[in-house]
1. Taking only the C-alpha atoms, wrap a convex hull around segment 6-85 and report its volume per residue in Å³ as a whole number.
2. Excluding residues fewer than 8 places away in the same chain, name every one of the lysines whose C-alpha is closer than 28 Å to that of K25.
3. Give me the percent relative contact order of the chain, please, defined on Cα pairs under 8 angstrom at least 6 residues apart.
4. Treating the beta-carbon of each Lys and Arg as +1 and of each Asp and Glu as -1, no other charges, what is the dipole magnitude of the chain about its Cα centre, to the nearest 20 debye?
5. Only sites in a loop by DSSP and with at most 12 other Cβ atoms within 10 Å count here; which GluC sites (Glu not before Pro) in the chain make the cut?
6. DSSP loop trypsin sites (Lys or Arg not before Pro) in segment 1-74 with at most 16 other Cβ atoms within 10 Å of their Cβ, which ones?
Amino acid sequence: MSAQGYVLIKVSEKAPKEVKTRIRKLMKGTTVTIKGKGYRSRGLVEEVKGVALAGGVYIIPLSATERVVEKLNEKSLAEYIEIINLCTCPCK
């Protein structure tokens, strides 16, 4: 992780279990097996060089926040997350 700003993305505790599962699969990726062959999809966290900190808590670069929120909006999942800005610089 470089010296740029980061944001925490936290899944709401009030989100239904199936919504939490959909967000987790989108953020961390999934693996499916078809006819004995495994196929893996990379998650958003890996694509934007973020880190999954705990169940439902992810840290991603500030520059990638818009992309992640767009993907969550496409799947109607953005209403179930909280974005916490970790930038403490006085410039903003």
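Rule-based calculations on the coordinates, nothing more; no lab input. Owing to the predicted nature of the structure, the values given are computational and were not obtained by experimental measurement. Cβ atoms come from the backbone with ideal geometry, glycine included; neighbour counts cover every protein chain shown.
1. 96
2. K10, K14, K17, K35, K37, K49, K71, K75
3. This gives 43 percent for the chain.
4. Details: 17 positive and 9 negative charges, 102 e Å.
Once rounded to the nearest 20, the dipole reads 480 debye.
5. E13
6. Sparse-neighbourhood loop trypsin sites (Lys or Arg not before Pro): K14, K35, K49.
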